[in-house]
1. Confirm whether ALA92 is in contact with a Phe, Trp or Tyr (Cβ under 6 Å, 6 or more places away or on another chain), within 27 Å of MET64 (Cα to Cα) and away from the ligand (no atom under 16 Å from the Cβ).
2. Tell me the residue from LEU248, LEU203 that is farther than 21 Å from ILE134 by Cα, under 22 Å from the mean Cα position of the chain (by Cα) and hydrophobic (A, V, I, L, M, F, W, C), please.
3. Tally time: how many residues in region 242-294 are at pLDDT below 95, more than 16 Å from the ligand (Cβ to nearest atom) and in contact with a strand residue (DSSP E or B) (Cβ under 8 Å, 6 or more places away or on another chain)?
4. Just to be sure I understand, how many residues within region 271-290 are part of a loop (DSSP other than H, G, I, E, B) and buried (at least 22 other Cβ atoms within 10 Å of the Cβ)?
5. Only one residue in VAL177, VAL229, VAL260 is surrounded by fewer than 21 Cβ atoms within 10 Å (Cβ to Cβ), in the same structural domain as ILE301 (by TED's automatic domain parsing) and among the hydrophobic types (A, V, I, L, M, F, W, C). Which one?
6. Which number in (1) more than 16 Å from the ligand (Cβ to nearest atom); (2) at pLDDT 95 or above marks the one condition that GLY183 misses?
7. What tally of residues in region 152-173 results from selecting those that are hydrophobic (A, V, I, L, M, F, W, C), within 21 Å of ARG190 (Cα to Cα) and more than 15 Å from the ligand (Cβ to nearest atom)?
8. Return the residues of region 304-355 that are assigned to a helix (DSSP H, G or I) and either under 23 Å from the mean Cα position of the chain (by Cα) or closer than 25 Å to ILE228 by Cβ (or both); say none if nothing qualifies.
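The values are calculated or read from the model by the stated rules, or taken from the named source; none is laboratory data. It should be emphasised that the depicted structure is a prediction, and the values quoted were computed from it without experimental measurement. A quick note on method: Cβ atoms are made from the backbone with ideal geometry, for glycine too, and the neighbour counts reach across all protein chains shown.
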Amino acid sequence: MDWMGLDKPLFEGLALLGCVVVGCATTPVETLKGGAVAEATAALQTPVAAPEVTPPSEPTEIVMHAVGDCAIGDLHYGAGAPGSFAAEIAAAEDPMGYAFSGVAELFAKDDLTIANLEGTFTTRKAWHNPVFSIRGAPENAQMLVRGGVELVDVENNHAFDYGVEGHEDTKAALEKVGVGYFGRDNVDRRTIKGMKIVNLGYLGGPKGTRAKMVADVERERGPNTIVIVSFHWGVEGYYATHPDQQRLGRAAIDAGASLVLGHHPHVVQGIETYRDRPIVYSMGNFVFGANSRPQDMDSFIYRVRFALDDAKVTAVTGEVIPVRISSDEKRNDFRPRLLDGAEAKRVREKIGDLSAKLPAT
Ligand SMILES: [Zn+2]
């Protein structure tokens, strides 16, 4: 055990309209020949009634989903064995779409989906983790794309399971399919609906984490910016948060983060609202190829909405979407499914109880 909105079609329509209008006005007349010049000039001079265009209204909301530990491969000694991730994928009708098939539709509709990538994408054989080394084929990175996951955290205790080379292979596999990554010395910065979204990732345990994190958040924060901090922290198998998690999570919000996401315990933990910002202590497992029979298969997707007014975040609201990490009732088939009815209620209550038990100070 180790410690450690404005919808798309409207936007596209406006962009297209803008392109057509600007394109007409900037047609390089000198490149046209003879009669074409006269024709083009006449067209430019002919008064045309401007179509009624409603100016684009400000985007009002950004919606994201976040999930916990994703091991998109197997333990080094388990690949190919009956019931292993590799075996399930090989037997699937649509291998690359299989693992996220129960949630891809949901993730395709949001503005950003973030997951913790627990393990590596590499073909290297020399494992470095003395207990569990997790490895998936580099092409498995495509599963994230098919699942609608655009961004992963690569700062966790399995990032170097196959050494520095394995970590570099993992980043290369992600880059090849266009999935972003953050954590360690990698910062992901992207712009969504005019807002800059910055993702930072840390291990919770090492000395100096807090000082580095605070300096990073203070450097990145600013107008039109949403800073999200992910921590790989807590104790594996523990539903209760460690006091250090709470101190670190709150320090991130105090420094200017809008949201804190947590993972590593492999089970769910509570959620706290601190200074009107959510701290999600542990999202549990998600697509988890490293364990075919986990004791607890309850998990959730955290849906967060950033309400925006004049490019400022006015509210951050979260929602738990209950999940079972397997579609099979007995074993883990590595295909999370959304829960409903009594099962969904039970998981919501479980997270609610854990949240209620978090120390108030
Ligand atoms: Zn971990």
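1. The answer is no for ALA92.
2. LEU248
3. 0
4. 5
5. VAL177
6. Every listed condition holds for GLY183 apart from (1).
7. Residues in region 152-173 being hydrophobic (A, V, I, L, M, F, W, C), within 21 Å of ARG190 (Cα to Cα) and more than 15 Å from the ligand (Cβ to nearest atom): 2 in total.
8. Result: ALA344, VAL347, ARG348, LYS350, ILE351, GLY352, LEU354, SER355.
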